[in-house]
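A.B. asks: My questions all concern the structure below.
The values are calculated or read from the model by the stated rules, or taken from the named source; none is laboratory data. Since we're looking at a predicted model, the values are computed, not measured. Using ideal geometry, Cβ is built from the backbone for each residue, glycine included, and neighbour counts are taken over all protein chains shown.
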């Protein structure tokens, strides 16, 4: 159980800052962020490779048995560095808050 002094020490570490939402800079940041998220989802969705899996391994009585006839469509999301770099460059291209250089 925490003592009241320990709780006070923990609460001292949590800080919140109020930012007026009517500020144009905040509105611009939120608008850009929502568009960037949608662009990221679209780019990832367009680059998904769909494959089919046909068999399943099942352990019965200590033996591995394959069940045939199961056909599942499985998405393969790209995870290579080139795709991630291209995704980042495309998203940061229109970022008004990114450092130039």
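A.B. asks: For the stretch 20-34, which positions are surrounded by 10 or more Cβ atoms within 10 Å (Cβ to Cβ) and without any contact (Cβ under 8 Å) to a residue 40 or more places away in the chain? Before you say what the answer is, go through the steps one by one.
C.D. replies: So the first thing to find is which residues in the stretch 20-34 are surrounded by 10 or more Cβ atoms within 10 Å (Cβ to Cβ), and the list is 23, 25-34.
Listed by number, the residues that qualify are 23, 25, 26, 27, 30, 31, 33, 34.
Yes/no matrix, rows are residues, columns are (1) within 27 Å of residue 40 (Cα to Cα); (2) surrounded by fewer than 10 Cβ atoms within 10 Å (Cβ to Cβ); (3) free of Cβ contacts under 8 Å to residues at least 12 places away in the same chain:
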{"residue": "50", "(1), (2), (3)": "yes, yes, no"}
{"residue": "57", "(1), (2), (3)": "no, yes, yes"}
{"residue": "65", "(1), (2), (3)": "no, no, yes"}
{"residue": "70", "(1), (2), (3)": "no, no, no"}
{"residue": "73", "(1), (2), (3)": "yes, yes, no"}
{"residue": "84", "(1), (2), (3)": "yes, no, yes"}
{"residue": "89", "(1), (2), (3)": "yes, yes, yes"}
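A.B. asks: Additional query: Among the listed residues 45, 50, 32, which satisfies the condition of being modelled with pLDDT of 85 or more, in a strand (DSSP E or B) and either out of contact with any strand residue (DSSP E or B) (no Cβ under 6 Å at 6 or more places or on another chain) or within 30 Å of residue 93 (Cα to Cα) (or both)? Please lay out each step first, then the result.
C.D. replies: On the way: 45 fails: in a strand (DSSP E or B); 32 fails: in a strand (DSSP E or B).
One residue alone meets the criteria, 50.
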